[in-house]
1. Would you call residue A:303 free of Cβ contacts under 8 Å to residues at least 40 places away in the same chain and either in contact with a helix residue (DSSP H, G or I) (Cβ under 9 Å, 6 or more places away or on another chain) or surrounded by fewer than 24 Cβ atoms within 10 Å (Cβ to Cβ) (or both)?
2. I'd like the full set of residues that are outside any helix (DSSP H, G or I) and within 9 Å of chain B (Cβ to nearest Cβ), limited to the stretch A:208-228.
3. Residues that are out of contact with any strand residue (DSSP E or B) (no Cβ under 8 Å at 6 or more places or on another chain) and not assigned by TED's automatic domain parsing to the domain that holds residue A:155, at least 2 per element: which helices (runs of 4 or more DSSP H) completely within the stretch A:236-306 meet that?
4. Filter the stretch A:101-123 for residues that are part of a loop (DSSP other than H, G, I, E, B) and within 14 Å of residue A:90 (Cβ to Cβ); which is nearest to the other protein chains (Cβ to nearest Cβ)?
5. Given (1) in contact with a helix residue (DSSP H, G or I) (Cβ under 9 Å, 6 or more places away or on another chain); (2) assigned to a helix (DSSP H, G or I), identify the lone condition not met by residue A:144.
6. Would you pick out the residues in the stretch B:329-353 that are exposed (fewer than 14 other Cβ atoms within 10 Å of the Cβ) and either over 23 Å from residue B:157 (Cα atoms) or not assigned by TED's automatic domain parsing to the domain that holds residue B:141 (or both)?
7. Can you name the condition, by its number, that residue B:92 falls short on among (1) crowded, with 20+ Cβ neighbours inside 10 Å; (2) not in a loop (DSSP other than H, G, I, E, B)?
8. Considering only residues that are without any contact (Cβ under 8 Å) to a residue 12 or more places away in the chain and in contact with a helix residue (DSSP H, G or I) (Cβ under 6 Å, 6 or more places away or on another chain), which ones fall in the stretch B:343-357?
């Protein structure tokens, strides 16, 4: 079987970026699921999270694993591809076919750290460019969890006529100091790895895998709840009855984290991780709109739905409530629910039947 | 001025360790403050935290900074050196004069990773050895916060006649999966640094400072509360009005973390950090006593006081409550208070006047 070639387009216009620069020849890799209706009104844009990709409901070409949201997207699923065309695109800055630090710069060499620093709004500009190429004026809905939810909110704030419904799950309208702090630890772990070579490791025999794995391990803890970790691992030992009194992975939780760290570095580009975490840190919708979050949504024609999880300490319920208050202030129709689930931030990706019902109800109501 | 020579003794007996080995010629470095009474009954042992030391109320010889708990320990302070002799010893495994990985092994070379893996109970065995040398049969009290509180609880469980009062602050009777996970990230960050040289970096020109700084940064986040970080830093930028759209420390919280990380690596030994975090991960008083925490304290003659902080997510109030329930189950006198303070886990070191009152009341009541 031939290697998978991501489906992609090159935007006809350069993207003007929040950082002041311009990115030309922007490639957007994407997948679609289901048929677009004759009046082009049934499209749902699903936005992916930090380390996600366009393979929302199809096999990942590198890992061979199922799509990251197959439980949510497909025929008869809450995001129903029998009724809607689902579009999912790799964000710019990432590494699954869209323009990012591993892409060739105009000089033919990988951008590496010469790729411009981008923002969530820049990612959304790329997505809007894709929708224009696909001839979709208004989405039935834009949907996303975590960084995907940031894109959904940013799209609503900056391109208000582009989506009739906005579903933002386990997310926030701005990155907090603690969010920034965890990301900074991850970036420092990558940059401290001598094999990072100031980002110019492409074509080298080595790559900053060790530092990158540490970054992933630290981030992974923030995706889970304390209760969930206790339930899943507790203090159980790995393949032994009594403690080994050493520095091997004696505890199951250590073994699990090491596995998560090393597996991740084989499917993701370390520089993309730097750029995307940075984009999230700069995320502050209120800051982009004069300081008041409500002003960002003034006159929005969309209906909104916000969902948070009670064990999510990365983007806790208070962050969603903050968005809801802003939407209330401008009279936008918004429903909001905090769901109870034991999995922490990762709940939006996992088996939470109540989430399925909320998603289906909002998209089809 | 001559370099500070830590006051220390060498234990006359080797220490039998939980891991099965024996450590001979154990050196314990310590400081005392105040006078021992004629009947040797007024001593208070203060136990230090992970990166603490014996300089609880006197200048740190490397940093020149005041003692780490001067607000609590001194003449007329809550731990009153006019009334009590305060003893504070560097734990074994550490690097401020007590035996640890940087100490000379019998072959004259630094132990490095040949130092035996130790436990909190092993640290306490070292402290008991010191008390024997000082001729102190029973302490007026043993006091500690965080890992210091673990030592206080371990001393009570394993040497019940040695302390009349046990004051354990912001601590736990066992390390949780999340606690272990964060420590594992820190260890992996150190071990991923090529300059770590499998621990044998002593005498090298380089040292694993970069990886160690990342470890400290990650840990530091866990010592603070989300609310505290927001209050102290929020999304404020460092020395600029508008975002730089780059990878420099644009946000104040990044700058602060980098400073914390790099400063720490100059005063602490990376291998000691590995050994002490490992000791904390193995900490599980119930596990050491057949699985039931109450059994660890059966027949204890001591009075206990437990203090937690409402914003401490490293060792949350539920962990202290767990200890209190065990003490209740064996009829031990125990008082317990959750204090409100915005500083997260670090509250025990900071300006919380209510803590001062609780400490003074318990020690002098």
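The values are calculated or read from the model by the stated rules, or taken from the named source; none is laboratory data. Small disclaimer: the values here were computed from a predicted structure and weren't measured. Ideal geometry is used to build each Cβ from the backbone, glycine not excepted, and the neighbour counts take in all protein chains shown.
1. On the way: free of Cβ contacts under 8 Å to residues at least 40 places away in the same chain: no; either in contact with a helix residue (DSSP H, G or I) (Cβ under 9 Å, 6 or more places away or on another chain) or surrounded by fewer than 24 Cβ atoms within 10 Å (Cβ to Cβ) (or both): yes.
Criteria not met by residue A:303.
2. Filtering the stretch A:208-228 for residues outside any helix (DSSP H, G or I) gives A:208, A:224-225.
Passing the criteria: A:224, A:225.
3. On the way: elements: A:252-265, A:270-281, A:285-288, A:293-296.
Once the helices (runs of 4 or more DSSP H) in the stretch A:236-306 are filtered for at least 2 residues that are out of contact with any strand residue (DSSP E or B) (no Cβ under 8 Å at 6 or more places or on another chain) and not assigned by TED's automatic domain parsing to the domain that holds residue A:155, what remains is A:252-265, A:270-281.
4. Looking at residues that are part of a loop (DSSP other than H, G, I, E, B) and within 14 Å of residue A:90 (Cβ to Cβ), I get A:118.
5. (2)
6. Within the stretch B:329-353, B:340, B:351, B:353 meet the criteria.
7. (2)
8. None - no residue of the stretch B:343-357 is without any contact (Cβ under 8 Å) to a residue 12 or more places away in the chain and in contact with a helix residue (DSSP H, G or I) (Cβ under 6 Å, 6 or more places away or on another chain), so the list stays empty.
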